[in-house]
Structure formats: structure tokens, C-alpha cells
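Trainee: Attaching a single structure in C-alpha cells format; questions to follow.
The values are calculated or read from the model by the stated rules, or taken from the named source; none is laboratory data. The structure presented is a predicted model; accordingly, all values stated were derived computationally and were not measured. Positions of Cβ are backbone-derived with ideal geometry, glycine not excepted, and every protein chain shown enters the neighbour counts.
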Amino acid sequence: MRNILRSVVAAFTVMAAITCFAEKAPVVKTDKGKVKGYLSTDGKVRVFKGIPYAAPPVGKLRWRPPQAAAKWHGTLDATNFGHHCMQPAVFQDMIFRDPGPSEDCLNLNVWTPTTDKHAKLPVMVWIYGGGFYAGAASEARQDGENLAHRGVVIVSMNYRLNIFGFLVHPELTAESPQHASGNYGLMDQAAAIQWVRRNIRNFGGDPDNITIFGESAGSFSVSAQMASPLAKDLIHRAIGESGAAFSQREPFPMREQREKEDVEKLEEVFGTSKLSDLRAMGADELLKAVTPQPGHPPARFWPDIDGYFLPAQVDSIYAEGKQAHVPLLAGWNRDEGNIPQKSITMAEYRKFAEKEFGPDAEKFLSAYAANDETEAIRALRDYAGDRFLVYATWRWIEAQVATGGQPVYRYHFELPSPGDKFHPAGTAFHSDDIEYVFGTLDSRKEMAVRPEDRALSELMQSYWTNFAKTGDPNGPGLPQWPQYNAATGWQVMHLNAQSEARPDKTRTRYQFLNEVWSRPAAQ
């Protein structure tokens, strides 16, 4: 009898050990094969990293739309981040947690609550920023674990950048069935969203409730994905943080223009522009075109109007109501722009207005009103941010209100930063909002996190995930966030130590810029 009991106990011990191992190493089946991840420290989130969503864009696949990933046998180890895409090291605050750069970089990550795998949770797909020049999904500030604790599935992907993601070339156009070239990085993003639609159900996500969200170039990308016929039907909600593909000052160039410009850049840097030569070059050699050199600014490669992914200017697509008709939550930070001046006299402020706007100087001074030198400096900072990307973001929000047919919510992030290793105290700088959205404030180097930072992060995480769940950021215990439209008085949620919604007081500023920047160049 004792031997029987020992055998039973031993069997249960083995089963318990197997169960424990299974819990520590969750396995999910995808359309290309099984992936093995791991559990978060608290056991409440399953994490999968470095999952290929497309074939490596190398050799003949360099500068081609993303191709299907190959199937694999056995179970893929998805416990570590995959390589980030090729880029120069230019942004000091971008600290990656992956093996390093590679062209074989089309991989994604999933954070999902340890609930029933058939829970059909809302899915949030993150698109990082970096000017289409740099960036990666492995940054600690963009880690999805904390948001996943709030009942959503988080996905982030790497996509091709700079010359690898956005080269436009007449030979590429000629070999394309769609007679298009460029925008490979944007197509990577769309391919990742398509992967989510095919596979996320097995991770506990709902393929019919996908929110795409991004910051800076990631926000530009969100607005472009909403406009593209290749992607707009994959999206159910959208969040944009500081950026949009909308500026009348600098719209995306047409493919024909970029073909000429990019060939000239290649000839200048490499002495050749033949596609066969470029595909034969090593990835590190190609990076020379986008790496800053003394006295030579790096070449810029970013989206174009290729006639395929983007069939027309993004603002035209929205004006015709051909974008994704989905709820939008978008806004920007108080200090998006940067200026070298520490002080300015009122006479100097007027001279600036006259130089910048000529006969419209008085309208500028009215829109950017300043009664003293302190207010003049503040006005210059505001205008710098507006030129940089705020005006474009405003135009996107206005366009979605006009033709999107769904609720729109606008925010203004204002909490002055306590400062850290890379940023001065007292500003709500560009990218400052990322750690608040992801609940990753502790990832910021040398930042003394205050109670008001924690509180605002909790609030923003609630707003963002509520929006992903329902298309409405509001919820019990949260400051009421009205929709942004004429009927509500153009209400804006001011995110600060004490957050509240108030009518927009800057509308005349952007209407002025719209009036001036909409004129033909000859005027």
C-alpha cells in the first residue's frame, strides 16, 4: 500500500513539475509554427519576443515589400528580442535591449495577460518613433508588460528605416508590379498588423478590435496607415502622439521627385546608383548615406507618395473621406519645439514676426500674443513646436473630425519633467509622454520620479487602454474627457498634475497657420 501511495505521490510530483514548467514557458501556435515565451515575474503576463512576421529583407528582397516568413519546425524560442533594424547611433536616449542591428529585423513582440487564451482581449499595436531614421521595439520605455496588466494585448514591431526602408529608385519602380517604390517601412508595419489579424486570437486577443498607436514618426505612421488602402481596413481605433503625415509646409514628396533626388544622393555618396551595385553592398556600407559626417549632413530617406501604399497626399485622402473611419485619440506635448534663445526683447520678437511672416506679421503677433519678454519666449517655443509637428497633428485631428465619422479626443501633455540624464527639468519635451503611457517611468535614467508622475501615468494608462477597449477613454473615477468637436466647444484634455478638459484656446493660432501655409508658394 505504501509503495502504491509513493507511486501516486511521485506521479503527482512529476505532473506538478510539468505544469509548473508549462506555466513558466507558455507555448502558442502561429500560422508559421509554435513559439515559446515566458511569464512575467508576477505570473500575470505571457511574453513573446522576436517573432518573425516577414521574411528577412536581404539580398534580392532588399527594397521589396515584405514577403511571407518561412515556416519553422519545432518550437521557436521567443524569449529574447530580435535584432533591431539598421540605423546609425544618433539618439542618445534610445537604449536597446536586443542583440544589435541587422537587416534581418522584421520581428515583433507580444505581451498578453495570462487569462483564457480565448478571452478575445483588445489589441494595441505600437509603432515607435525616431524620424523614420532610427528606433526599435526593444527599448525599456516601450515595454508592454504594464499595459498588458490592464486587460489588453500589446504588440510592438520593428520596421525598416532610413535608406533600407524608404529608398525611392527608378529601377525599383520598374521592377514593381504596382509601378511604385519606397515606403517599405510603412509596408512592414502593415504586414505586422496583418500578422496580428491572422494570429492574435491564439494569444488571447481579438482580431476585430485592433488599436494602432505611435509617437512621433510612429504617429506619422498611424495617420498614414489610416490613409492607406493596404491597411485602413485592418484598424479599429487609432492613437497618435505628436506627429502626422499632414503638414502643408512639407508634404511627403511625389515618387517621381524622390526618384531624381535619391539617385543624386546615391551618386554623391557611393559613386553609383545602379540597383545591382546597391544590393551587392553590405548593410554597413549603405549606412554611410545616413550617418552624419563632418561638414556633410546625412541624406534623408522617408515616406513618399508612391501611388500604391499612399495613392495620394494623406491630407487629400482624408479630405475625400477615404481614410479609416475609426475613433481617434491624438495630441501633443507642451514643449515639442526647442529654441536656442533664453531671452528676447519685444522689439526682437516683432522683427522675428516680420522676417518669418512679412505682411502677415501682425496676424502672427495676434495669434501668438505676448505682453512681455517672458511671454515672447514662450510664444517662440510654441511656434517652434508648431513648425516641427504640432500644426500637422492639429490638421490630422481636424480632418478626422470633419470626415472620419467617429469620435475624436484631443489631449495636451503639460506636466513639466523633473529632468533626467538626457532632458532638462521643467519642460514637457518631445517623447516625454512615452513612459507615462507605458507605465515605465522607472526605466528613465536618473529621473527622480514624483508622486504626480506616478498619478499621471496611471491616468494615461487608464485613458489609453479604455479607448482601446471601447473607443472612449472615459471610465469610473477618471476626469471626464469630452469629444473634440464644435458641439463641445473643441474640448481638450490637459494632462498635468491636475488633469481636466477645457475648451481649446489655441484654435486661432492654427487657423492662422493654415491660412498662411495653405497659399500657393508664389504668394
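Trainee: Could you please let me know if F91 is buried (at least 16 other Cβ atoms within 10 Å of the Cβ) and modelled with pLDDT under 95?
Mentor: For F91, the condition - buried (at least 16 other Cβ atoms within 10 Å of the Cβ) and modelled with pLDDT under 95 - is met.
Trainee: Here's a follow-up. Is it true that T291 is under 28 Å from F91 (Cβ atoms), over 21 Å from the mean Cα position of the chain (by Cα) and among the hydroxyl-bearing types (S, T, Y)?
Mentor: yes
Trainee: Also, I was wondering about something else. Quick one: which of A55, A10, A25, A16 is at pLDDT below 95 and surrounded by 14 or more Cβ atoms within 10 Å (Cβ to Cβ)?
Mentor: Selected residue: A25, the only one of A55, A10, A25, A16 that is at pLDDT below 95 and surrounded by 14 or more Cβ atoms within 10 Å (Cβ to Cβ).
Trainee: Moving to a separate point now. Of the residues in segment 275-306, how many are among the small types (G, A, S) and not in a helix (DSSP H, G or I)?
Mentor: Looking only at that region, the number is 3.
Trainee: Cβ-Cβ under 8 Å, sequence separation 6+ or interchain: first residue in segment 246-266 and under 21 Å from S221 (Cα atoms), partner among the charged types (D, E, K, R) and assigned to a helix (DSSP H, G or I). Which pairs?
Mentor: Matching pairs, first to second residue: F246/D315; F246/R395; S247/R395; Q248/D315; Q248/R395; R249/R387; P251/D315; P253/E261.
The rows are residues; the columns are (1) free of Cβ contacts under 8 Å to residues at least 40 places away in the same chain; (2) of a type in the set (A, V, I, L, M); (3) touching a helix residue (DSSP H, G or I) at 6+ places or on another chain (Cβ under 9 Å).
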site	(1), (2), (3)
R334	no, no, yes
G337	no, no, yes
E356	yes, no, yes
E362	yes, no, yes
L365	yes, yes, yes
T374	yes, no, no
R395	no, no, yes
F422	no, no, no
A428	no, yes, no
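Trainee: State which residue is surrounded by the fewest Cβ atoms within 10 Å (Cβ to Cβ) when the search covers only segment 216-246 and only residues that are of a type in the set (S, T, Y) and under 16 Å from G404 (Cα atoms).
Mentor: Here the residue is S228.
Trainee: Just to verify a result, which residue in segment 331-380, among those that are closer than 30 Å to W464 by Cα and of a type outside the set (G, A, S), is surrounded by the fewest Cβ atoms within 10 Å (Cβ to Cβ)?
Mentor: N338
Trainee: Based on this model, can you work out whether G82 counts as of a type outside the set (F, W, Y), crowded, with 22+ Cβ neighbours inside 10 Å and in a loop (DSSP other than H, G, I, E, B)?
Mentor: Answer is yes for this residue.
Trainee: Among the numbered conditions (1) modelled with pLDDT of 95 or more; (2) part of a loop (DSSP other than H, G, I, E, B), tell me where V47 comes up short.
Mentor: (2)
Trainee: Additional query: Return the only residue of A370, A384 being assigned to a loop (DSSP other than H, G, I, E, B), among the small types (G, A, S) and farther than 21 Å from Y484 by Cα.
Mentor: Every option except A370 fails the conditions.
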